[in-house]
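Down below is the structure, laid out as structure tokens.
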Amino acid sequence: MPSVLVLYLADKIVGPHLELLRNICEPNSKSKPHITVRYSDKLSIPDAHLRTQVSHIDLLEVGTFGLEVGSDQTNKTVFIRCRCDELLPLEHKPYFPTSEFHITLYDGESQNFARLLARLFRKYNWALQVPLPRAMKLTAIKIKPKNRRKQTNILDREYDPQVVSLFKRITQEKLSGEFLHSLSDKSRLRYAALVCDSLLNQTSSFARVAVPTRKKVNRLPGEASDYEIHLTPPELAQSIAAYACKFLEKSDRANIDFGDPAVGTGAFYGALLSVVDKKTIKSAIGIDISPKQVEATRLRWDSKDIRVIEADYLHMGDISQRNFILANPPYLRHQGIKPDYKRELRIRASTDMGMKISGLSGLYVYFILLSHKWMAPGAIAAWLIPSEFMQTGYGKALRYYLSRTVKLIRVHQFSSDARQFENAETLPCVVVFKNVTPMDSHTAQFTFGGTLENPVSSQDIIVKDLDSEQKWRVKQKALPHRDASGVKLGDLFSVRRGIATGANQFFVLDRNVAKELGVPKKALRPVLPKAMSLLSDVIEQDQDGYPRVTRQLCVIDTDMSEDEIQKKYPKFFEYLKKGIEQGVKNGHLVGRRTPWYRQERRDPAPFLCTYMGKAHGDKPAIRFIWNKSAAIVTNTYLMLYPHASVRRLMDENNDVASKLFDILRNSTWEAMEEFSRLHAGGLSKIEPRELLEVWLGPVPSEIKAVANPRLF
Ligand SMILES: C[S@@+](CC[C@H](N)C(=O)[O-])C[C@H]1O[C@@H](n2cnc3c(N)ncnc32)[C@H](O)[C@@H]1O
């Protein structure tokens, strides 16, 4: 059921007077004086909005709806325009994108009476600040369909006792439905004037407020109707602003030059004001093609220092560059763009981009591409756009721009079952990027579902591997065990990379070859061959600690000095000399070690992870291995060391190791995919810190009891 979020004027003076005015002017109305802050049907009203406290509202001046020449509105409305800075960030009336806060005093069909009433009210100076009772909060009201509203006999309805006594004091009459209904329009106006006199008299000590001047604006010929404008709900605008802000360079964070190229009613500027200190905003520019939107934004945010420009953003000359752009551009599809206009845009954007822009591109594509010039070097931009650019042929230019020209930070695709707009059916996504050339190793976060702060799934992708010719897919898999009872891999294990010898072909030897080369056993450690040569994921051990695998390998690893080796193991020394001749000793990694044939310190780890691989059939891309041998591994593996508490449990109970192995293996499909990075050709890779974050499947209670959540 649709609902509205309203603020009742529940003070002791102004509220009762305005209620009485409404009762006199429109006796059938049972409405109490209020400001409508939000209309909501398909979206729900955030709880935080209901907790917002309002200290005062400003009454400004009299306004009317439906009295303009040529208006086809049946109801004529007379109201008091209001302002309330505390409520502006919550305002969202998607079907009336230019409507202002107001308190209705008459909403009826009589044009003549509405005119007379407006004329009467305009004789009074309404510009005053109304203090509200402490901690005044908003109320959400369900709007029942007319046929389900409770019917009461309007003639014997009961009035608020405060309003009754006010009426008595002002008019000496007894307030009743019957009395009000019997009044002529002339008497109504007379009583209304008495109530206004009383109101102004009783509020003479209230602070006066300045009323902003307003321009009369008409709809442009061919301008989008209000219904085609889909404003960003404030909570979404705020979450985008808060997220994107974090990526501003430190110097920019204290000197924000904000820009919104399709400002609407200023949802993003309002959001920015609520997430940063106003002092950090050095300048703000909002542009909109619609004079009505421009005027609406100006009236809302003028006092907060935004310069609102009425212009077609896609055809503007130079405007000073911005370091922070937040935008929800028009989603007009290519069929809706006038052919000449589109042709010119295509030519210009194609020249700017150095690539052909498809004629099937929606207007938002031009907005982003042509905004590149508006971004200062290092600027951050966050765009709320249809996610179809990732999947369509026309999206290629945008995919190219995002993956090659700028540094893509985040793509968050909302789930189709969680609407983001009250009045648009698009499946939107948020794209955040920085105006710097991306490095080859740069990764971007692709997330799906939930919210920007708390997505359902997330994946880091090396942007270089994103191909603009191909569709981009955001993984939609939910994490199965992400709840309070869940255990992360890092709660049970620490993770280290396998050793980097710096020259595997020299140091890693077949066990028999090492023997032939005269390398003593004490200078060798067993090492596991590459995962693809392993026939099983469980590595048993031979009696001497070597893994029971077809090809047993070892790595040279000793502290002995070259002198000692020369004396005791001359054959081995000859081999080392060969290494020196071949330049192994002075290699990048090897050259830093003393002695150069001593490897990094690693204990054998009971569990290993293959770190990088491709999925084949039902085999996951990344494998876990249970290593029962004393072999260590090279850096094609990650080594998982149980925390001390887990180790103790393993020592006490022989079953624990196999349970741990099952837990690890069960996590490979769903959870690992979330954290691994997908490279071109389906290659997945996971880094140690990412592995620590992997959520594990169900964990038996005795193991969960020793899990040790990492704090950092
Ligand atoms: C989707 S609405 C978004 C409004 C606002 N940014 C928000 O998020 O609530 C798009 C806005 O772009 C404006 N617009 C459409 N074409 C434009 C153009 N060529 N230049 C500037 N503004 C334009 C519309 O008037 C509308 O206010």
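The values are calculated or read from the model by the stated rules, or taken from the named source; none is laboratory data. Predicted model, so just to flag it, every value in this text is computed and none were measured. A quick note on method: Cβ atoms are made from the backbone with ideal geometry, for glycine too, and the neighbour counts reach across all protein chains shown.
Only one of the listed residues (S283, S303, S274, S358) is more than 26 Å from the chain's Cα centre (by Cα), small (G, A, S) and within 30 Å of K216 (Cα to Cα). That residue is S303.
Condition test on R51, is it in contact with a strand residue (DSSP E or B) (Cβ under 7 Å, 6 or more places away or on another chain) and surrounded by fewer than 14 Cβ atoms within 10 Å (Cβ to Cβ)? Considered against the rule, which asks whether it is in contact with a strand residue (DSSP E or B) (Cβ under 7 Å, 6 or more places away or on another chain) and surrounded by fewer than 14 Cβ atoms within 10 Å (Cβ to Cβ), R51 comes out as yes.
Do we find a residue being in a strand (DSSP E or B), within 12 Å of the ligand (Cβ to nearest atom) and not aromatic (F, W, Y) anywhere in the stretch 258-274? Yes. Does S303 satisfy the condition of being within 14 Å of the ligand (Cβ to nearest atom) and in the same structural domain as T447 (by TED's automatic domain parsing)? So S303 does not fit the description; no. Taking only pairs six or more apart or across chains, which ones have beta-carbon atoms under 8 Å, a first residue in the stretch 440-459 that is farther than 18 Å from Q238 by Cα, and a second residue that is assigned to a loop (DSSP other than H, G, I, E, B) and of a type in the set (F, W, Y)? These pairs meet every condition: F446/W472. Consider S415 carefully, then state whether it is more than 13 Å from the ligand (Cβ to nearest atom), surrounded by fewer than 21 Cβ atoms within 10 Å (Cβ to Cβ) and over 22 Å from Q238 (Cβ atoms). The answer is no for S415. Scanning the stretch 314-336 for residues that are more than 10 Å from the ligand (Cβ to nearest atom) and modelled with pLDDT under 95 yields G317, D318, I319, R333, H334, Q335, G336. Within the stretch 49-56, is even one residue under 27 Å from L117 (Cα atoms) and not acidic (D, E)? For the stretch 49-56, residues under 27 Å from L117 (Cα atoms) and not acidic (D, E): present. Quick check on the stretch 119-127. Is at least one of its residues among the small types (G, A, S), part of a loop (DSSP other than H, G, I, E, B), within 16 Å of the ligand (Cβ to nearest atom) and under 25 Å from A296 (Cβ atoms)? No, because not a single residue in the stretch 119-127 is among the small types (G, A, S), part of a loop (DSSP other than H, G, I, E, B), within 16 Å of the ligand (Cβ to nearest atom) and under 25 Å from A296 (Cβ atoms). Just one of (1) among the polar types (S, T, N, Q); (2) more than 16 Å from the ligand (Cβ to nearest atom); (3) at pLDDT below 95 fails for Q293. It is (2).
Could you check the stretch 508-582 for helices (runs of 4 or more DSSP H) lying wholly inside it with 1 or more residues that are assigned by TED's automatic domain parsing to the domain that holds P604 and of a type in the set (S, T, Y)? Where helices (runs of 4 or more DSSP H) fall fully within the stretch 508-582 and carry at least 1 residues being assigned by TED's automatic domain parsing to the domain that holds P604 and of a type in the set (S, T, Y), they are 570-581. Restricting A254, A244 to those that are within 16 Å of the ligand (Cβ to nearest atom) and not assigned by TED's automatic domain parsing to the domain that holds K93 reduces the list to A244. Taken over the stretch 101-115, the criterion of being charged (D, E, K, R) and within 17 Å of A192 (Cα to Cα) is satisfied by D107, R115. Looking at the stretch 9-102, the strands (runs of 3 or more DSSP E) lying wholly inside it that each contain 3 or more residues that are touching a Ser or Thr at 6+ places or on another chain (Cβ under 7 Å) sit at 76-83. Checked against the criterion of being touching a Gly at 6+ places or on another chain (Cβ under 6 Å) and either not β-branched (V, I, T) or not assigned by TED's automatic domain parsing to the domain that holds Y159 (or both), the candidates L9, L59 yield just one match: L9.
Kindly indicate the residue of the stretch 394-409 that is in a helix (DSSP H, G or I) and in contact with a His (Cβ under 8 Å, 6 or more places away or on another chain) and also surrounded by the fewest Cβ atoms within 10 Å (Cβ to Cβ) among those meeting that condition. That would be T405. Checking Y95, Y124, Y159 one by one, the residue that is farther than 22 Å from S29 by Cα, among the aromatic types (F, W, Y) and modelled with pLDDT under 95 is Y95 and no other. Exactly one of (1) closer than 28 Å to E100 by Cα; (2) surrounded by fewer than 19 Cβ atoms within 10 Å (Cβ to Cβ); (3) aliphatic (A, V, I, L, M) is unmet by L360. Its number? (1) is the only condition that L360 fails. Scanning the stretch 603-628 for residues that are at pLDDT below 95 and among the charged types (D, E, K, R), we see that the one that is surrounded by the most Cβ atoms within 10 Å (Cβ to Cβ) is R623.
Test A631 against the stated conditions and say whether it is modelled with pLDDT of 90 or more, touching a strand residue (DSSP E or B) at 6+ places or on another chain (Cβ under 6 Å), in the same structural domain as L696 (by TED's automatic domain parsing) and within 13 Å of A605 (Cβ to Cβ).
It is true that A631 is modelled with pLDDT of 90 or more, touching a strand residue (DSSP E or B) at 6+ places or on another chain (Cβ under 6 Å), in the same structural domain as L696 (by TED's automatic domain parsing) and within 13 Å of A605 (Cβ to Cβ).
For the stretch 275-290, filtered to residues that are crowded, with 19+ Cβ neighbours inside 10 Å and outside any loop (DSSP other than H, G, I, E, B), the residue that is farthest from the ligand (Cβ to nearest atom) is I281.
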